[in-house]
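The values are calculated or read from the model by the stated rules, or taken from the named source; none is laboratory data. Everything quoted here is computed from the prediction, not taken from an experiment. When we count neighbours, we look across all protein chains shown, and the Cβ atoms used for this are built from the backbone with ideal geometry, even at glycine.
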Amino acid sequence: MSRVARTLLASAFSIFIALPSSGAQQGPDPAAAPTPQKLTKDTKKKMRRTLKELDSSYRQWLSEDVTYIISPDERNAFLQLDTNEEREQFIEQFWLRRSSNPDLPENDFKEEHYRRIAYANEHFASGVPGWKTDRGRMYIMWGPADEVESHPTGGTYDRPMEEGGGSTTTYPWETWRWRYLEDIGENIIIEFVDPSGSGEYHMTMDPGEKDALLHVPGAGLSQMESIGMASKADRFSRSDGMTTPRAMGGT
């Protein structure tokens, strides 16, 4: 896995869509893009109360439908609104700001977003709704990957040389690759692994996590381990947190 991919994985759960902000405003305007503001203790208290008292449809919109794409400033502004009429206006403007053509009656961004949620729920559910899973979250945020390598039953895995070579057996795993993601970079690769076999894949930064023989002494050895030039125990003392074997000639 590339350094870019590891950096991306480390911050993936804190990424949200950044929106342009308008000029300073006196209070939350449901028709304008929210601007950053310092929240007072009373305001935070009001927002917590509002969240508890929201109609279920608005709570679902905020906590499920747009939870991965709403910015913190937008969320704060929404929770400071007083009436359902203001909330409806806010939601309408929320989608309009993201539409590629706000003059059209159909909102392409909104339609695609809800399509992604439906797809995630249909394909990635595993004891929890698909939108709540790691794969569901990545799919909703970034859309379908350009390439998917899927190993739903695991099996024999010949490690590439940068992972130490040699063969092992893996848990179910997948890698998703995007050729380009705007504002993020090129050749973005994310790996998911299902060590429990339950169907709930989680995102991992460690290519060694899919190794089903990782904790089995003498099994699934790398090239250097198989000729006695490295110990399998060395995998657990790496400073970068990875558990892949040391590459031939590596340090």
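Observations on the structure shown:
- Summed over region 214-246, the residues that are over 13 Å from GLY164 (Cβ atoms), in a loop (DSSP other than H, G, I, E, B) and within 27 Å of the chain's Cα centre (by Cα) give a count of 3.
- Candidate set: region 135-158, residues that are touching a Phe, Trp or Tyr at 6+ places or on another chain (Cβ under 6 Å) and among the β-branched types (Val, Ile, Thr); chosen: the one nearest to THR170 (Cα to Cα): VAL148
- Within region 85-113, if we keep just the residues that are without any contact (Cβ under 8 Å) to a residue 12 or more places away in the chain and not acidic (Asp, Glu), the residue that is nearest to SER63 (Cα to Cα) turns out to be LEU96.
- Between GLY143, GLY136, GLY154, GLY127, the distinction of being within 30 Å of GLN223 (Cα to Cα) and in contact (Cβ under 8 Å) with a residue 12 or more places away in the chain belongs to GLY154 only.
- Any strands (runs of 3 or more DSSP E) falling wholly within region 114-201 and containing at least 1 residues that are more than 23 Å from TRP61 (Cα to Cα) and modelled with pLDDT under 95: 173-181, 185-193
- Output for region 78-110, where each listed residue is surrounded by 12 or more Cβ atoms within 10 Å (Cβ to Cβ), charged (D, E, K, R) and farther than 18 Å from PRO34 by Cβ: ASP108, LYS110
Let's see how each residue does on (1) under 30 Å from MET224 (Cα atoms); (2) surrounded by 17 or more Cβ atoms within 10 Å (Cβ to Cβ); (3) more than 20 Å from the chain's Cα centre (by Cα); (4) not hydroxyl-bearing (Ser, Thr, Tyr):
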site	(1), (2), (3), (4)
PRO129	no, no, no, yes
TYR139	no, yes, no, no
ARG159	yes, yes, yes, yes
GLU163	yes, yes, yes, yes
